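So the structure is just underneath, and the comments pick up after that.
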Amino acid sequence: MRKMSKALALLTVAAAVLTGCAAQTSSPAATQSAETPAAVASSGKFIFLPKSLNNPYWVDARKGMESAMMELGVEAEFLGPDNDDAAAQVAIFESILATNPAGIAISPNDPASVRELIAKAVAMGIPVIAWDGPVPDSDVFGYIGTDNVAAGRSLGEAVAEGLGGKGKVAVVIGSLSAVNLNQRLEGVKDALSAYPGIEIVATETSNESVADAQTAAETILQANPDLSAFIGIGGSDLPGISGALQSGNKCGAVQAYGFDVVPQGIEGMRAGCVNALISQRPFGMTAQALQILIDFSKGASTLTKPFVVDTGVEIVTPDTLDDFLMSPK
């Protein structure tokens, strides 16, 4: 399941993005008959460029890329900034273009910061897809990843059910500039709007850092002694929340819900500090993204620009955790 010096870090990571325009949607295994862009000539690697390397979510994503790379007989690399840093991600993107890669999958920190580079890459004949996070109004070929609004609604419904429709909740979110995280928050709020007894009393950012998420959660707990639940939006948020609940001896007294089944979240769930996790299946998402890039690079894709592949989510609870961990990635 699912450092190196700064100079080297600026040459390592991967991710994904939503296209923000009308598009056909397929299931994870589905394909669409359509016009296919012309084949691109390249002798480089396939590159995955995530938001950061410090988010535990990306561990399974990297594993998915590595597994598919071996199976498909291609070269691929996971390159990105150590932290959630839009400027650093741009610098890495620029250095990647100089190597003439075979294809790029990106999950942007700030979509506006990478639109010009995406356009440049496509003009060079390099296929670029959004993976895990969207890049609206850009030249990406399409998006593969989670329907984040729908996933947020699922999380919000889980929170409402766990609280019995009433209570004070707080949100910790990795970034307010990342489109996918804001979409999840939109979905959460939409679901909770049907429950007038539930109030969001605080929203704090974590910069996609587990340590920062824990600090934010601890601050919220001090300011809201009657808090009923936390909601973690990014992959680093729930692990930080769980840490805050454990250090404050609040496990069970304050519920916790969030995204991604990462080791810290699993440990928190086993310790009775986490009520539900949303799995985005990052291993399979990234493996499939590599296949999509290969197909476009060969001019053999059956996907239509701009495509959308929704890889789905799964709600994991303490009762279903063991079965989930034993299931195929």
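Each reported figure results from applying straightforward, stated rules to the coordinates on display, with no laboratory input. None of the values given here were measured: they were computed from a predicted structure. Every residue, glycine among them, receives a Cβ derived from its backbone with ideal geometry; neighbour counts consider all protein chains shown.
For the stretch 110-237, the gyration tensor built on C-alpha atoms gives a prolate shape. Its axis ratio a/c (a ≥ b ≥ c) is at least 1.5, and a/b is the larger of a/b and b/c. Which shape class applies to the stretch 186-329: rounded if a/c is under 1.5, otherwise prolate when a/b exceeds b/c and oblate if not, where a ≥ b ≥ c are the square roots of the Cα gyration tensor eigenvalues? Here the stretch 186-329 falls in the prolate category. Restricting attention to the chain, the count of lysine pairs at 8 or more positions apart or across chains with alpha carbons under 19 Å apart stands at 13.
For the stretch 279-329, the gyration tensor built on C-alpha atoms gives a prolate shape. Its axis ratio a/c (a ≥ b ≥ c) is at least 1.5, and a/b is the larger of a/b and b/c. Hydrodynamic radius of the stretch 201-274 by the Kirkwood approach over all distinct alpha-carbon pairs: 11.6 Å. Relative protection proxy for 228-239, 45-56, 61-72, from highest mean packing down: 228-239, 45-56, 61-72 (other beta-carbon atoms within 10 angstrom). Eigenvalues of the alpha-carbon gyration tensor of the stretch 131-205, scaled by 5 and square-rooted, set the equivalent ellipsoid semi-axes at 27, 13, 8 angstrom, largest first. Treating the Cα atoms of the stretch 80-149 as identical point scatterers in vacuum, please give the log10 of the normalised Debye intensity I(q)/I(0) at q = 0.12, 0.16, 0.27 Å⁻¹, two decimals. The calculated log intensity ratios at q = 0.12, 0.16, 0.27 Å⁻¹ are -0.27, -0.49, -1.36. Taken over the chain, the convex hull of the Cα atoms encloses 120 Å³ per residue. Computed 3J(HN,Hα) for the stretch 195-212, one whole-Hz value per residue from the Karplus formula 6.51 cos²θ - 1.76 cosθ + 1.60 where θ = phi - 60°, is 10, x, x, 9, 10, 7, 9, 7, 9, 10, 9, 10, 6, 6, 10, 4, 4, 5, glycine and proline marked x.
Using only side-chain charges placed at the Cβ, +1 for Lys and Arg and -1 for Asp and Glu, the dipole size of the stretch 199-292 relative to its Cα centre rounds to 320 debye.
For the pair the stretch 59-115 / the stretch 206-283, the C-alpha centres are spaced 27 Å from each other.
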